[in-house]
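In what follows, a structure is listed as structure tokens, so that the remarks can point back to it.
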Amino acid sequence: MTHQLLLLAGDGIGPEIMAEVKALIDWMNAEGIGSFAYEEGLVGGAAYDAEGVAISETTMQKALAADAVIFGAVGGPKWDGVPYEVRPEAGLLRLRKDLGLFANLRPAICYPALAEASSLKREVVEGLDVLIVRELTGGVYFGEPKEITDLGNGQKRAVDTQVYETYEIERIVRVACELAKTRAKRVTSMEKRNVMKSGVLWNEVATEVARREYPDIAFDHMLADAGGMQLVRWPKQFDVIVTDNLFGDMLSDVAAMLTGSLGMLPSASLGAPDPQSGRRKAMYEPVHGSAPDIAGKEVANPIAMFASFAMCLRYSCGMIEAAGQLEKAIAEVLDEGLRTGDILPRTGAEGLTEVGTKGMGQAIRERFLSLAQAG
């Protein structure tokens, strides 16, 4: 079958890294490895400049019709002064909300070849394989009221509201436990039940779901701030971490740096299965953001973008073998010593070759094609 994709490159380095994956999709079509049809659209600051909004209704309808959205990055200082409701990030938030993408999967894997690139010691990160499952459509980012009120006399009050309902917690915990079944069967739930009522409810609901539906999963709890400390102290103690929107945002960035660079971390955002087809709305994006300081310099690391597309092949296209081959291609290119600047070690770079965005993209595509033809 032909898989319909929507490519939204966005801002900053988004267009550069998207170009590398777009070239891979074209290669796969040409070689008969898969069948993909894709459209492209504007999002974020690029959409604001052209259309006055962070994402247009036309682009939103294309996203709703696609099998998957492949997303680059949005934002940058150019748009710091635009109204809050049309800021670049509003396009990303609307995609997540309107597509119902409540489950964000962020794997943090440390390739052996990159253990020295991490800011932590090799023995702490080598072999790391943690999956963070972040609730994506609830919590403080979407809760109401959300406002700034002028109190007079030069004083203002800002309010953000953290809101979770039982069903939102239940469904994200189920996703985490189902994924844990395919891994080491361990889930750690992180919240702040000691100071937040939403954390109390999260703890109660998560505990009950795990006890009732997943007795074979080792399920425990940890306060989110302690979890951040433990991710840095000994991250390999974790298998699957499930947490809310705010803490998931922060903890996944901590986990990203364990791998050596934000440029290494992919993500998948999934909705609920369709009752008829079983298919989920989905969006795939690197975690690193738009990095406007290096945009246009041909130095951006495209690996997280490739790894995000591998997740698309696995979760949206059912192309399990191709997903594994793409992930293996990334590992083998790293084993051979190719590095973008962000993953060069601080010392001991002998035998390594620094390449730019296009050089890394070309090497990964060639190795993937070789593996696919041999496999």
Query raised in the report: For residues in the range 42-81 being surrounded by 24 or more Cβ atoms within 10 Å (Cβ to Cβ) and out of contact with any strand residue (DSSP E or B) (no Cβ under 7 Å at 6 or more places or on another chain), which is farthest from F309 (Cα to Cα)?
Result: Y48
**Report entry** One residue from I33, I70, I17 being at pLDDT below 95 and either closer than 23 Å to I303 by Cα or in contact with a helix residue (DSSP H, G or I) (Cβ under 6 Å, 6 or more places away or on another chain) (or both)
**Finding:** I33
Query raised in the report: If you take the residues in the range 73-127 that are assigned to a helix (DSSP H, G or I), among the β-branched types (V, I, T) and at pLDDT below 95, which one is farthest from M283 (Cα to Cα)?
Result: V124
Query raised in the report: If you take the residues of the range 348-375 that are more than 20 Å from V299 (Cβ to Cβ) and not hydrophobic (A, V, I, L, M, F, W, C), which of them is surrounded by the most Cβ atoms within 10 Å (Cβ to Cβ)?
Result: R367
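Conditions (1) farther than 25 Å from L101 by Cα; (2) within 24 Å of the chain's Cα centre (by Cα); (3) surrounded by fewer than 17 Cβ atoms within 10 Å (Cβ to Cβ); (4) not acidic (D, E), marked per residue:
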site	(1), (2), (3), (4)
T166	no, no, yes, yes
L179	no, yes, no, yes
V187	no, yes, no, yes
N194	yes, no, yes, yes
G199	no, yes, no, yes
E204	no, no, yes, no
E213	no, no, yes, no
D216	yes, no, yes, no
G227	no, yes, no, yes
Report task. From E16, E51, E31, grab the single residue that is in contact with a Ser or Thr (Cβ under 8 Å, 6 or more places away or on another chain) and assigned by TED's automatic domain parsing to the domain that holds R314. Result -> E16
Query raised in the report: Taking the range 175-198, which residues are closer than 23 Å to S269 by Cβ, of a type outside the set (A, V, I, L, M, F, W, C) and part of a helix (DSSP H, G or I)?
Result: E178, K181, S198
Query raised in the report: Taking interchain pairs and intrachain pairs at least six residues apart, which have beta carbon atoms under 6 angstrom, with the first residue in the range 88-104 and of a type in the set (A, V, I, L, M) and the second part of a loop (DSSP other than H, G, I, E, B)?
Result: A90/A54; L92/V74; L101/L136
**Report entry** Out of V43, V21, sole residue that is outside any strand (DSSP E or B), under 22 Å from I330 (Cβ atoms) and β-branched (V, I, T)
**Finding:** V21
Query raised in the report: Name the residues in the range 141-169 that are small (G, A, S), more than 28 Å from G271 (Cα to Cα) and assigned to a strand (DSSP E or B), would you?
Result: G152, A158
Query raised in the report: All but one of (1) crowded, with 23+ Cβ neighbours inside 10 Å; (2) at pLDDT below 95; (3) of a type in the set (G, A, S) hold for S277; which doesn't?
Result: (1)
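Residues are listed down the side, and each one gets a yes or a no for (1) part of a helix (DSSP H, G or I); (2) touching a His at 6+ places or on another chain (Cβ under 6 Å); (3) modelled with pLDDT of 95 or more; (4) not basic (K, R):
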{"residue": "K236", "(1), (2), (3), (4)": "yes, no, yes, no"}
{"residue": "S269", "(1), (2), (3), (4)": "no, no, yes, yes"}
{"residue": "A272", "(1), (2), (3), (4)": "no, no, no, yes"}
{"residue": "A282", "(1), (2), (3), (4)": "no, no, yes, yes"}
Report summary line: So, first residue in contact (Cβ under 8 Å) with a residue 12 or more places away in the chain in the range 338-357, second residue hydroxyl-bearing (S, T, Y) and part of a strand (DSSP E or B), Cβ within less than 8 Å, six or more apart or across chains; the pairs are L338/T353; R339/T353
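The values are calculated or read from the model by the stated rules, or taken from the named source; none is laboratory data. All figures in this text were calculated on a predicted structure; none of them were measured in a lab. Glycine also receives a Cβ, built like all others from the backbone with ideal geometry; neighbour counts cover every protein chain displayed.
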